[in-house]
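Bear in mind that the values in this text are calculations on the coordinates, not laboratory data. Only a predicted model underlies this, so the values are computations on that prediction, with no experimental measurement involved. All Cβ positions, even for glycine, are placed from backbone atoms using ideal geometry, and neighbour counts span all protein chains on display.
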Amino acid sequence: MTALLLAGIGALGAYLIVTSVLFGWRDLRRPSPRSARRRRRVTDWLVQAGLGEVRWSEVALLCIVVAAGAFLVALAVLGGIVPAVVAAAAAMAAPVLSSRSRRRRRMAAAQEVWPRLIEEIRVLTGSAGMSIPQALFHTGRRVPADLRGAFDAAQREWHLTTRFDRALAALKSGLADPTADAACETLLVAHQVGGIDLDRRLIDLADDRLADVQGRKDARARQAGARFARIFVLVAPAGMALVGLGIGDGRAAYSTAAGQALVVAAILVTLACWVWAGQIMRLPTDRRVFAE
């Protein structure tokens with residue numbers, strides 16, 4: 001009984017240490033403000049990738065499954081434990097990288113859509129004489145499918161509560177986009193305070209977003225060749241390694257201690273170059289300043 005009690009106390013102490021160091025928790029139930037901000041960033045990241053219904057624990061489980069499959073494949077091909085472990089560790093990032101690529105595409109599409117949406121809202125609230133909520137939800141019917149769910153949720157909130165601030169909060173939560181935050185805050189202030197300068201505010205916001213979109217398009221066009229070279233540099237060594245397995249005693253060479261060490265070094269160098277190139281070509285992203 002004493003041993004069981006001591007084991008439980010030790011497990012509790014290890015839990016407190018790990019959660020304090022890794023997640024910033026201060027006690028068993030309430031996370032610290034830093035942990036809350038980290039969780040919000042993770043949630044925003046999943047929403048921006050179109051995975052708002054997915055929990056981060058499910059993403060972690062998928063990473064583990066992919067790593068296990070990569071370990072078995074690498075073990076069968078390379079015939080060594082150490083290279084298989086390194087390959088599994090590298091493959092563990094595949095779901096995250098796939099989600100990151102999906103997030104980048106969705107955010108780029110949203111950034112291109114918002115200038116048009118803002119211009120339509122300006123026209124509807126001006127010449128068409130619609131109220132701001134009516135113009136927003138009328139425009140939301142013609143947004144791309146990836147964004148329509150957030151607009152539908154915001155419109156349901158408006159119909160249930162008739163509170164525009166809560167509807168915009170639902171819209172911002174469903175999009176997790178800096179441009180959406182700025183547009184929603186502009187519309188909310190205009191709806192609550194009123195005034196005749198809404199048209200000028202929306203024109204300035206649309207022009208600013210359009211200039212940002214054009215600048216990002218130009219930057220991505222200039223990076224097109226470098227991005228292709230980055231993928232080629234990743235694929236070419238893997239293809240050469242697979243071809244080497246079937247030439248002469250190539251498979252036996254991989255099984256030696258020197259071969260295993262060289263394989264591990266090649267994987268690590270390739271991954272380091274991949275990450276380094278990605279950091280260089282990363283475009284700056286706007287931060288959410290009106291997040292709930």
Length gained when the stretch L283-V233 is fully extended (0.36 nm per residue, less Cα-Cα span): 15.9 nm
message: Could you tell me which residue out of A109, L171, V269 lies farthest along the dipole of segment 56-292 toward its positive end? Charges go on the beta carbon: Lys and Arg +1, Asp and Glu -1, centred on the Cα centre.
response: V269
query: Roughly how many Å is it from the Cα centre of segment 150-186 to that of segment 211-244, as a whole number?
result: 37
- line: G215 neighbourhood, Cβ < 15 Å, K/R = +1, D/E = -1, net charge 0
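With the cut-off at 1.5 for a/c, could you classify segment 146-292 from its C-alpha gyration tensor as rounded, prolate or oblate?
It is prolate, given that a/c is not under 1.5 and a/b is the larger ratio.
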- prompt: Once both labels are modelled 7 Å past Cα along the beta-carbon direction, what's the D197-L97 spacing in nm?
  reply: 4.9
query: Peptides 216-228, 88-100: what's the order by average Cβ count within 10 Å, highest mean first?
result: 88-100, 216-228
